[in-house]
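*Asks:* Below: one structure in structure tokens.
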């Protein structure tokens, strides 16, 4: 259930970020992540979605602007934000292929029983090397590990990438259920319809800036809003 009246867990104000000596990839971004809400970040390739996620997580230092955690400005790196309750599922999943599923969960300090409650089919693979799993199973491990730490906020990059539609819907359904339980979520997705189906709020990026933002309900009811922001409904 959306909880728009609650204070944000994670906030960005005037956020600009980029890489090396090149110009900023993201410019002047404002964003709020609230408990119980999924904000989906949409946009074409190169729009700045992943850069935004990395800057919010502490994996990339912003060029300018401010990031706040629980109402307080923070410049802490990713590992410190993780200890405070921020979970990140990056596009590459960050599953260590040479370790078993059980070892991957332990590295993330996850509650293994909770991880198996989320994805029961992982039980038969606990002692199997993660590199021998399918891409979908690896994504289950990554998401289960993140959620089983009982975070306050989840940043997830392209959960559905390369997955069969049924499995992608299941993963997004797990994220929706976690948000209904009070988790704040930022979901970066290329598959627009799937993302809109679970989202509460939408932010569309184009060339590193916000082209449109508003309730997901409006975007579902009037897809032309996204078309007007130069976003194909894939």
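*Asks:* With respect to the numbered conditions (1) within 18 Å of the chain's Cα centre (by Cα); (2) without any contact (Cβ under 8 Å) to a residue 12 or more places away in the chain, which one is the sole condition not fulfilled by residue 88?
*Replies:* Going through (1) within 18 Å of the chain's Cα centre (by Cα); (2) without any contact (Cβ under 8 Å) to a residue 12 or more places away in the chain one by one, residue 88 breaks only (2).
*Asks:* Sort out which residues of the range 177-196 are over 9 Å from residue 38 (Cα atoms) and in contact with a helix residue (DSSP H, G or I) (Cβ under 8 Å, 6 or more places away or on another chain), and write them in order of number.
*Replies:* 178, 188, 189, 191, 192, 194, 195, 196
*Asks:* Kindly state which helices (runs of 4 or more DSSP H) lie completely within the range 109-182 and contain at least 3 residues that are in contact (Cβ under 8 Å) with a residue 60 or more places away in the chain.
*Replies:* 165-180
*Asks:* Also: Given the residues 145, 109, which is the only one that is touching a helix residue (DSSP H, G or I) at 6+ places or on another chain (Cβ under 6 Å) and under 18 Å from residue 87 (Cβ atoms)?
*Replies:* Exactly one of 145, 109 is touching a helix residue (DSSP H, G or I) at 6+ places or on another chain (Cβ under 6 Å) and under 18 Å from residue 87 (Cβ atoms), namely 145.
*Asks:* A follow-up question, please. Do we find that residue 17 is at pLDDT below 95 and over 30 Å from residue 127 (Cβ atoms) in this structure?
*Replies:* No: the conditions fail for residue 17.
*Asks:* Is at least one residue of the range 151-162 closer than 19 Å to residue 35 by Cβ and surrounded by fewer than 22 Cβ atoms within 10 Å (Cβ to Cβ)?
*Replies:* yes
*Asks:* Looking at the range 203-226, can you tell me whether even one residue there is within 16 Å of the chain's Cα centre (by Cα) and assigned to a loop (DSSP other than H, G, I, E, B)?
*Replies:* No, the range 203-226 has no match at all.
*Asks:* For the range 68-83, how many residues meet the condition of being surrounded by fewer than 17 Cβ atoms within 10 Å (Cβ to Cβ), in contact (Cβ under 8 Å) with a residue 60 or more places away in the chain and at negative phi?
*Replies:* Matching residues across the range 68-83 total 1.
*Asks:* Has the range 64-79 got at least one residue that is part of a helix (DSSP H, G or I) and closer than 26 Å to residue 33 by Cα?
*Replies:* Scanning the range 64-79 turns up at least one residue that is part of a helix (DSSP H, G or I) and closer than 26 Å to residue 33 by Cα.
The rows are residues; the columns are (1) surrounded by fewer than 15 Cβ atoms within 10 Å (Cβ to Cβ); (2) in contact with a helix residue (DSSP H, G or I) (Cβ under 9 Å, 6 or more places away or on another chain); (3) in a helix (DSSP H, G or I); (4) in contact (Cβ under 8 Å) with a residue 24 or more places away in the chain.
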residue: 6; (1), (2), (3), (4): yes, no, no, yes
residue: 23; (1), (2), (3), (4): yes, no, no, no
residue: 30; (1), (2), (3), (4): yes, no, no, yes
residue: 53; (1), (2), (3), (4): no, no, yes, yes
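*Asks:* So residue 96 fits all but one of (1) assigned to a helix (DSSP H, G or I); (2) within 27 Å of residue 51 (Cβ to Cβ); (3) without any contact (Cβ under 8 Å) to a residue 40 or more places away in the chain; (4) more than 18 Å from the chain's Cα centre (by Cα); what number is the exception?
*Replies:* (1)
*Asks:* I want to confirm something. Restricting to the range 193-208 and keeping residues that are at pLDDT below 95 and touching a strand residue (DSSP E or B) at 6+ places or on another chain (Cβ under 6 Å), which single residue is surrounded by the most Cβ atoms within 10 Å (Cβ to Cβ)?
*Replies:* Across the range 193-208, the extreme among qualifying residues is 204.
*Asks:* Of the residues 58, 65, 48, 43, which is in contact (Cβ under 8 Å) with a residue 24 or more places away in the chain and surrounded by fewer than 20 Cβ atoms within 10 Å (Cβ to Cβ)?
*Replies:* When all the criteria are applied, what remains is 65.
The values are calculated or read from the model by the stated rules, or taken from the named source; none is laboratory data. If you're wondering where the values come from, they're calculated on a predicted model, not measured in any experiment. Cβ coordinates were reconstructed from backbone atoms using ideal geometry, including for glycine residues, and neighbour counts include every protein chain displayed.
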